[in-house]
Structure formats: structure tokens, C-alpha cells
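The structure under discussion appears below in the form of C-alpha cells.
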Amino acid sequence: MPKTSPGRLGVALAATSAVLLTGACNNPMGSDKGSASSGRPSAAPSSTAPSSAAPANNGVAAKSAARIVSESLAALRAATSVHLKGRVRSGGDMVTMDMQSGRAGFKGSIRGPIGGGRTVPFTILRAGGKVYGKGRQFVQSTVGSGAASKVGDKWMLIGSAREASAHGLDFTPAGFAKLIKPSGRLVKGKPTTIAGRPAIGVRDQSGWIYVSTTGKPYPLRLAPTKKGSGALAFTEYDRPFQISVPSNVFQR
């Protein structure tokens, strides 16, 4: 990242998003109501009844826990788009994310604690090979009120997509897949339902990942096992997703 105000913002945003993604992805596999001893997740409430034209069983539930995770991450990497939404507590901090993601870019919001524990919102966008961000409160907290006054509500160039990725700001489907790293022994749970979709859970030493057992074996939900630590939901796979370079970019 360039050593400019937008560059410092990029590093600060990466640190903020890391709280969320470390909490859910490095401790990924989880329902805060799952059974740590049996490896059997509690069934999540279903808000949508499966339709009569539901996708066919993909057979992943019959495979080993390691194979389920491997195939799920491969499916996520290959997805054309996905919507990630949720919140995760890590180290006492609660960070929320609402991100629409495609292969070429993403756009969404992150809210988390910046220096001094103040929780502020920030919007991030990747398009045209570059990453942009905006958020008056975020700029004020990381750079100062003077810079916040100058930038206002305009977008700021954080850096190229490659530079941003090097700092952990890759919210494409493939970028998310890189962050999900199971650790320790993997245990397969019983079939369950996540947001109306049949799923199978796999637990590692920290939590659960729920994988769709119909259609493509996409991840549907991640969360730490610790109660009250939140969860991340993966929805709206492979829907049309378009994004363009913002026009109101701050010029230094």
C-alpha cells in the first residue's frame, strides 16, 4: 500500500476486517449451539421451506469430514458470486460485515472497532482492478478530522487489487475460501437444515462449517463454537453481480 492517507486507511481496514475473518474463518466451523462433545450440530431454524424443484442431493454428506470441507472450499472458489453477511466476536470486539462478492470485485460494508474501541462503519468496493473505500467516521478515527473534512463522503483509492489482497482485503469468493482454514481433528455431524437448505456440519477444534447437501456443496454458515460469538451466512450464490468504478473519488 502507498504510504499516504488512503494507504493508512487500507491497513486500518485490513486490521478491522481481520477481527471478523479471524474470528469466523480461522475458528471457522461453527454453530454456537452445536455439541462440542458429540460433533452434532443443533438444527438451525428454517425460514424457507424447500421447494418442489429443489436441487438434487450432491452426495457430499456420505463423504469424510475432510473431503466435505475440501469440496466445499473448491465450490466456493469457483462460485461466480456470493453474499456474505453476519457478525463475529473476537477478542471482545464485535465486527459486522455485509458484502456482495463476485469474481472481479465486491462491494459492501464493515463495522468494527478502530483505535480506542470506537465502532465505526466503512464501505469498501473493488472494481476495475482497484479497491476504494469511504466512511467519514472511519477516516476521522484513523487519519484525523482534517482529512475527514476534506474527503467528506467521497470514495478514496486504497490501492490496486493486488496491493489490497496482500493486506487481507480480498473479499471475492476465492479470497474468502483462502481464509477458511480448519485446524485439528475434523468431525462430521448429523444432517441439519440451514435457512431452509439441507446441510451437513463438520466440526474442527473451534467450531463448525455447514455445507449444502443439495446442488453444489457450497458453505452455508460459519461460526465459532463459543456461545454469543456470532456467525457468518453465505447466501445468493451465482446470482448476477455487476459493479462499476465509482465516479466521486477524492482527488488529492
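The values are calculated or read from the model by the stated rules, or taken from the named source; none is laboratory data. A quick note: this is a predicted structure, and the numbers were derived from the prediction, not measured. Quick reminder, even Gly has a Cβ in these numbers, built from the backbone with ideal geometry, and neighbours come from all protein chains shown. All accessible areas refer to the heavy atoms of the entire protein, side chains included, with ligands and DNA or RNA removed. Shrake-Rupley method; radii C 1.70, N 1.55, O 1.52, S 1.80 Å.
Per-structure values
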quantity	calculated
Condition met for Gly228 (modelled with pLDDT under 95 and either aromatic (Phe, Trp, Tyr) or within 17 Å of the chain's Cα centre (by Cα) (or both))	no
Filter result (assigned to a helix (DSSP H, G or I) and open to solvent by 40 Å² or more (accessible area, probe 1.4 Å)) within segment 143-171	Ser145, Gly146, Ser149, Lys150, Arg162, Glu163, Ser165, Ala166
Answer residue from segment 189-214, given it is surrounded by 21 or more Cβ atoms within 10 Å (Cβ to Cβ) and basic (Lys, Arg) and is farthest from Ser81 (Cα to Cα) among those	Arg203
Criterion (among the polar types (S, T, N, Q), in a strand (DSSP E or B) and open to solvent by less than 10 Å² (accessible area, probe 1.4 Å)) met by exactly one of Ser101, Ser109	Ser101
Pro217 vs. criteria part of a loop (DSSP other than H, G, I, E, B) and buried (at least 21 other Cβ atoms within 10 Å of the Cβ)	yes
